[in-house]
1. Quick check on my filter: what residues within region 17-51 are touching a Ser or Thr at 6+ places or on another chain (Cβ under 9 Å) and either farther than 20 Å from L7 by Cα or basic (K, R) (or both)?
2. What pairs come out if I take residues in region 1-21 that are under 16 Å from L43 (Cα atoms) and pair them with residues that are in a strand (DSSP E or B) and charged (D, E, K, R) whose C-beta lies under 6 Å away, six or more apart or interchain?
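Derivation of every value follows stated rules applied to the coordinates shown; laboratory data play no part. This structure is a prediction, so every number in the text was calculated from the model and none was measured. Don't worry about glycine lacking a Cβ; one is built from the backbone with ideal geometry, like all the others, and counts go over all protein chains shown.
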Amino acid sequence: MNDQNLLLPARLIQFGYTYKIEVDINGTIVSFKRDEEKNRRALIDPAKIDSKINADFLNAILDAIENL
């Protein structure tokens with residue numbers, strides 16, 4: 001994996017008792033939120049997915065979110 005520092009635009013969206021974090025990855029919005037088992041999940045609109053976004057990259061973003 002590439003050891004780079006990236007600054008990605010993101011926003012926190014609260015709804016009810018929960019929230020999600022939307023991250024803009026090269027124009028593709030990826031939503032990170034907790035699932036029923038309290039694990040974080042990345043959600044991407046299939047029509048707008050960028051082939052450059054892979055699972056390792058999403059896991060690195062999830063790790064960064066968990067470390068905040």
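1. Of everything in region 17-51, those that are touching a Ser or Thr at 6+ places or on another chain (Cβ under 9 Å) and either farther than 20 Å from L7 by Cα or basic (K, R) (or both) turn out to be K20, K33, R34, R41, D45, K48.
2. Correct list of pairs: R11/E22; I13/K20; K20/K33.
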